[in-house]
Amino acid sequence: MRVLVVLPSVTPSDRNPSSLGSRASVEKCLRVLNTQSDSVGGDILYGPGIQFQLAPNQDPVVQMLLEVSDEDIGWLVIERIGRTLKWKFVDINTGNELAFPSN
């Protein structure tokens, strides 16, 4: 199982982003992309082939762990989330950042 850390992207206009957003906004953005907790206020958000782990009671969300549980489905979901939300995904084993080429 591959594990990635999810971080805010750095843009030229915002060199030091502090978070991915409030916990509520992160959950709302991911819910639209078919990824959500199985209980209100849960720290694990489940999606097709993936699951995000949020730090308990952390608000705003500074970073998250992302586990890929199904390689066949998970990568398509991660690519869609990466392109839509402009988050940075870094493999914790290699330190490599995933790149999502623009269409």
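Only the coordinates and a few stated rules stand behind these numbers; no lab work does. As the structure is a prediction and not an experimental result, all values here were calculated from the model. In this analysis, Cβ positions are derived from the backbone assuming ideal geometry, glycine residues included, and neighbour counts consider all displayed protein chains.
Label-to-label distance for SER39 and SER19 is 2.3 nm, based on points extended 7 Å past Cα in the beta-carbon direction. The ratio of the alpha-carbon radius of gyration of the chain to the globular-protein estimate 2.2 N^0.38 Å is 1.01. For a paramagnetic label modelled at 7 Å from the Cα of ASP72 toward its Cβ, which residues of segment 24-49 fall within the zone defined by backbone nitrogen distances under 19 Å? Answer for this model: 47-49. Here the sum of -39500 (n - 2.57) over DSSP H runs of 4 or more residues, divided by the residues of the chain, equals -7500 deg cm²/dmol at 222 nm, to the nearest 500.
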